[in-house]
Amino acid sequence: AQMALAEGGGAAPLKVGLIADIQYADREDGSDFAKTEERHYRSALCIAERAVDCWNEAGVEVVIQLGDLIDGCNAAAGASDSAMASVLGALSKCNAKRRYDLIGNHELYNIRRSDLASSDLRLSPDGATFHSTHLGGIWEAIFLDPFEHALIGVNEGETGYDKAVEIMRASNPNVLSSVGGGDWFAGLPEEKHRFVPYNGACSPEQVAWLDTALAEATAKGRKVLICTHVPLYAPATKVKTVVWNAEDVMSVLHKHQDTVVAVLAGHDHNGGYAVDEAGLHHITMNSPLTATPGSDCFAVLECYDNGMARFVAHGRACVESGTDGKGRAYPELILAKGFQNSPEDGIAATESEAMASLMAMGFSEDQVRLTLEASNGNMETAVQML
């Protein structure tokens, strides 16, 4: 698919290394609070180290770490600094010119929000928690802070906390008596399952800034990748792991749907993928923490100058939504308007490459799919028929 995508642009792609939810801790394997998820804390660091080797070999220019670098258990063990140093030490061996770290809930279990700017995380040049950056060529990344209003990492009386309390009172008051744990979902309609302490919200000011940033990107002819620790679109994850005010953010993204290509997220260790009604691709990356030890769980994103991108998975870096991480994996995802991706035992890789190549020539997906079926997948014959 690399050659196929390049046919629509010409220049070599910008390569971005992607990983989410490493959640390292120097401790024996364990499980999550609900005892439904096996967690391999030390193996996660090994996967991060292999990711760096892969990215160096691939020649990535930028690394985006989608949040939850270390696990919250480090805080209670007094090991936050040492765990952070171990993972950042591994990532620092990457030859990429730049790395961007996102804020996840586990960052806020380990670091007070007020201390984030002085931490070793690379949030932004000026310490801002949401910002945009030019990646190269026509590509821009916008990094969101989905915990600007939150119950974690802040103290009572601080603006972000007080706003979060208001939201909880309206949507899930059970939480306010059991922020540290408990049955947050008792009697709660499923559509409100997002309103729990491990999620958060973007402030109205951040949403307004996003609108302006996308308008400026559009004026410059850019294509934009939205990066957020917490997903925005439930079909690409589950209802329990979505930004509290996702609709507000999505409304802005859809307003600029010709500029936004994809939303990249983590948070839900089981991963997922979906395309929304505006044609935006939503990728929720699986976590190295829950990957089988010895396997991989990261990706390389190839960004082409024709506005298309290719997510190349290493290991089970993205799997079918709603499968508790056990579904079919996506070896690659073509991120382009109108393109339909299928997991590993769906559309064959060769057919996927042929579709990408023909669509890059300007033909519609429906035209391409029908022609490939009529030509029994023969690329040369399909070109002649089109």
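Considering each residue of segment 34-58, count those that are closer than 21 Å to Cys227 by Cα and not aliphatic (A, V, I, L, M), and give that number.
Within segment 34-58, residues that are closer than 21 Å to Cys227 by Cα and not aliphatic (A, V, I, L, M) number 1.
Do we find a residue being over 22 Å from Asp68 (Cβ atoms) and assigned to a helix (DSSP H, G or I) anywhere in segment 125-135?
no
Any chance segment 121-140 includes a residue that's open to solvent by 20 Å² or more (accessible area, probe 1.4 Å) and over 22 Å from Leu214 (Cα atoms)?
yes
Could you grab the pairs with beta carbons closer than 6 Å, sequence gap of 6+ or different chains, first residue in segment 269-283 and under 13 Å from Lys326 (Cα atoms), second one outside any loop (DSSP other than H, G, I, E, B)?
What qualifies is His269/Thr290; Gly271/Thr284; Gly271/Val319; Gly272/Ala236; Gly272/Thr284.
In the list Ala141, Ala164, Ala186, Ala170, which residue meets the criterion of being under 29 Å from Val261 (Cα atoms) and aliphatic (A, V, I, L, M)? Show your work before the answer.
Working: Ala164 fails: under 29 Å from Val261 (Cα atoms); Ala186 fails: under 29 Å from Val261 (Cα atoms); Ala170 fails: under 29 Å from Val261 (Cα atoms).
Going through Ala141, Ala164, Ala186, Ala170 in turn, the sole match is Ala141.
Suppose we filter Glu166, Glu205 for residues that are part of a helix (DSSP H, G or I), open to solvent by 20 Å² or more (accessible area, probe 1.4 Å), within 14 Å of Phe130 (Cβ to Cβ) and not aromatic (Phe, Trp, Tyr); which single one remains? I'd like the intermediate steps shown before the answer.
Numbers: Glu166 fails: within 14 Å of Phe130 (Cβ to Cβ).
Answer to the check: Glu205.
The values are calculated or read from the model by the stated rules, or taken from the named source; none is laboratory data. In this text, all values refer to a predicted model and were calculated from it rather than measured experimentally. Neighbour counts are summed over all protein chains in view; Cβ atoms, including those assigned to glycine, are modelled from backbone coordinates with ideal geometry. Ligands, DNA and RNA are stripped out before the accessible areas are found, and what is left, the full protein with its side chains, is counted by its heavy atoms. Shrake-Rupley method; radii C 1.70, N 1.55, O 1.52, S 1.80 Å.
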